[in-house]
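Single-structure report; data block below.
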Amino acid sequence: MTGTERDTKRSQRSRTRSEYGRGFWARLIFLAVLDALTLYSVIVLVDDGAWVFLASLLVGALIVNWVYLSPRTRALKWIVPGLIFMTAFMIVPILYTVYISLTNWQTGNVLQKAQVIEILESRPYVDPDDPGELYDLYVFRDGEEIRFLLVGAEGQTLFGEPRPRSADPLPDLAVDPADLGVVDNDGDGIPDTIGTFTRLERPEVFGLASTIDFEDQVLDVEAGQVEITGLSQGRVVQAAQRYVYDDETGVLNDTVLGLECRPGTDLDTKGNFVCEDGAVLDPGWVVLTGFNHYVDVLTNENIRDPFVSVFIWNMIFALGTIVFAFGFGLILAMVLQHERVRGRVFYRSIYILPYAIPGLLSMLIWQGLLNEQFGAVNDMLAVFGIERIPWLTSANWAKVALLLVNTWLTFPYMFLIATGALQSIPAELIEAARVDGANGWQVFWKITFPLLMVSLSPLLIGSFAFAFNNFVLVFVLTNGGPPILDATIPVGSTDILITFTYDLALAGGVGNRFALAAAFSIFIFLIVLVIASISFRFTKRLEEIYGSF
């Protein structure tokens, strides 16, 4: 065997070991686990009818298998994990937010159509002209379990477990207590015990009423249900099914009024059944409604004007925070950079304390310090004869307080990055400028500051984006307030876009408007994206300055 043949066989064995070594089996085990989880998820998603998620999962699983099994995709093996996480935590949330913004998702329209039909068909209808028969009510208890006994005028009895009116009907209907075993010790005709349950005396019933709303309880019976009308009475009412859905025609029939209810077609009723008499039935379901929320933001004065005012304040808040915090941090860094300053390590340790303390704790402390009546800040100002300032209750002073606190929380970070950047500037450049006759201001403005901006611009852009969406600070310190009383939608004087969106979605007091809030979120995303893009273009220009030195 020649040397060339031996080298060829050795190369083949080496290639075989590399292709089918421990790495190959590790990939195989990983893919087997992944495919098993995918198969289980497919079963669950098919059962739930989540076809979009199912298709995305199958495509993703096929791509991963192809990348890690094919020898032609060696380079992709290193970037696929990052692409998966970017897709899962960035692209999918953005796309889902866009989808929500194109729907009518709000209070009253949060379910699917099949769920709405099931709810409407299950609602019992009670004839208002038939008040029902009154029964005497007695309460029984066994430990934590409660049962009601209803006794009619002719001695008929019903015994069963109550439920809240809004809860689903229980599977076990009320029964004749005689079937469970009755003990009447005093012979008054009212059982003292039924099975394992003991009758409560009237004082005990009154005590129980402090924890149970009796008038919100009903008892399911064959004839319909028993509505509790007090601590001692219940009324049996006849219940019937009012709404019946026709799958073939897609019409919900009102059997009581003899009307047909069809899905609404205009923007206000889309996603609800609308009957022939104009009645709109609740709840509704989620449907695509188009770009109406975006149009409202841009054209509806009741929404556009608060949005513009909040956006202007949001820009002032974010830019002001960066300017004050970076300016203060840079000044401190330059002072402590000077060789004549003694104890620089001590001062640097002191200045980063606000950064070391948890931010939420600092916000709560500042909330107490800025209290108008009892805050330490106003107490110190009073020593100099300054009247108490309404830091958190006046619109303008609340904005000043936010800038003050955010500067306090942010300047240590700016101080740290400015200190590192100053130390990286070649001393020869500054010495050469001084030899050429430049004074201190000229050295800073022509050399130090441009070089600082080259290295710090990306960090400042990130800090701006964080300040632009600093929900926690605004929520904790002012909660967006004080409120603007003449506004047509919930908005406060210190709201930034993210807290304004939160108020619209959850805290406005007029129901949850998730779709409109999602549209606002997309606007926020686009605003930050545009500002970041412009800032990075500016950063590239600064790199030319750095390249000239």
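Size of the dipole of the chain about the Cα centre, Lys and Arg at +1 and Asp and Glu at -1 on the beta carbon, nothing else charged, in debye to 20? Please list the in-between numbers first.
Numbers: 36 positive and 59 negative charges, 1273 e Å.
The calculation lands at about 6120 debye.
Less than 18 Å apart at the alpha-carbon level, and either on another chain or at least 8 residues along: which aspartates and glutamates does that give for K77?
E19, D35
What is the antiparallel percent of DSSP beta bridges lying wholly in the chain, to the nearest 5?
Antiparallel bridges: around 95 percent, rounded to the nearest 5.
Which of the aspartates and glutamates could a cross-linker bridge to K270, judged by Cα under 18 Å and excluding same-chain residues fewer than eight apart?
E260, D282, D296
Which shape class, rounded, prolate or oblate, goes with the range 205-334 when its Cα gyration tensor gives a ≥ b ≥ c as root eigenvalues, a/c under 1.5 marks rounded, and past that a/b bigger than b/c marks prolate?
Details: a/c = 4.58, a/b = 1.73, b/c = 2.66.
Cα axes put the range 205-334 in the oblate bin.
Per residue of the range 477-489, what does 6.51 cos²θ - 1.76 cosθ + 1.60 with θ = phi - 60° give for ³J(HN,Hα)? Whole Hz please, x for Gly and Pro, Karplus curve as stated.
6, 10, 6, x, x, x, x, 8, 5, 8, 6, 7, 10
Within the range 284-359, list the chymotrypsin sites (Phe, Trp or Tyr not before Pro) lying in a DSSP loop whose Cβ has at most 13 other Cβ atoms in a 10 Å radius. Walk me through the numbers before you get to the answer.
Working: sites: W285, F291, Y294, F307, F311, W313, F317, F324, F326, F328, F346, Y347, Y351, Y355; in loops: F291.
The qualifying sites are F291.
Which of (1) 1.03; (2) 1.47; (3) 1.23 is the computed Cα Rg over 2.2 N^0.38 Å for the structure on display?
(2)
Taking the Cα centre of the range 243-290 as origin, sum charge times position over the Cβ atoms of Lys and Arg (+1) and Asp and Glu (-1), and report the length of that vector in debye to the nearest 20.
Values: 2 positive and 10 negative charges, 37 e Å.
The calculated dipole for the range 243-290 is roughly 180 debye.
If the reach is capped at under 17 angstrom between alpha carbons, list the aspartates and glutamates near K446, excluding any in the same chain fewer than eight residues apart.
Hits, sequence-local ones excluded: E428, E431, D436, E543, E544.
Could you point to the residue in I331, L369, A318 farthest towards the positive end of the range 247-369's charge dipole, with +1 and -1 charges on the Cβ of Lys/Arg and Asp/Glu respectively?
Farthest towards the positive pole: I331.
Suppose every Lys and Arg Cβ carries +1 and every Asp and Glu Cβ carries -1, with no other charges. What dipole size does the range 305-547 come out with about its Cα centre, to the nearest 20 debye?
On the way: 12 positive and 13 negative charges, 92 e Å.
The dipole of the range 305-547 has a size of about 440 debye.
For the chain, with the dipole built from +1 on Lys and Arg beta-carbon atoms and -1 on Asp and Glu ones, taken about the Cα centre, which of V221, V80, P358 lies farthest toward the positive end?
Projecting each Cα onto the dipole axis, the largest value belongs to V80.
Which residues' amide hydrogens lie under 5 Å from the amide hydrogen of I484, considering only partners 5 or more residues apart or on another chain, with H built in the peptide plane?
Answer set, sorted by chain and number: V491, G492, S493.
Using only the Cα atoms, what convex hull volume per residue in Å³ does the range 71-218 have?
Convex hull volume per residue, Cα atoms: 268 Å³.
Taking DSSP loops as anything outside H, G, I, E and B, show the longest stretch in the chain free of trypsin sites (Lys or Arg not before Pro) there with at most 10 other beta carbons within 10 Å.
Looking at the chain, 75-339 is the longest stretch - no exposed trypsin sites (Lys or Arg not before Pro) with at most 10 other Cβ atoms within 10 Å.
Calculated from DSSP H runs of 4 or more alone, at -39500 (n - 2.57) each and per residue, what is the 222 nm mean residue ellipticity of the chain, nearest 500?
Helix contribution divided over all residues of the chain: -17000 deg cm²/dmol.
To the nearest 10 degrees, how steeply does helix 92-101 sit against the main Cα axis of the chain, on a 0 to 90 scale?
In the chain, helix 92-101 runs at an angle near 60 degrees to the longest axis.
Taking loop as defined by DSSP and a crowding limit of 10 other beta carbons within 10 Å, which chymotrypsin sites (Phe, Trp or Tyr not before Pro) in the range 373-434 fit?
The qualifying sites are F374, F384.
Would you work out which of V528, I447, F514 lies farthest towards the positive end of the dipole of the chain, given +1 charges on the beta-carbon of Lys and Arg and -1 on that of Asp and Glu, about the Cα centre?
About the Cα centre, the residue reaching furthest to the positive side is I447.
In the range 147-204, which GluC sites (Glu not before Pro) are in a loop and have at most 15 other Cβ atoms within 10 Å, using DSSP for the loop call?
Answer in residue order: E154, E201.
Every number here is computed from the coordinates shown, using simple stated rules; none is lab data. Note that the structure is predicted; figures quoted are calculated from it, not measured. For neighbour counting, all protein chains shown are included, and Cβ atoms are generated from backbone atoms with ideal geometry for every residue, glycine included.
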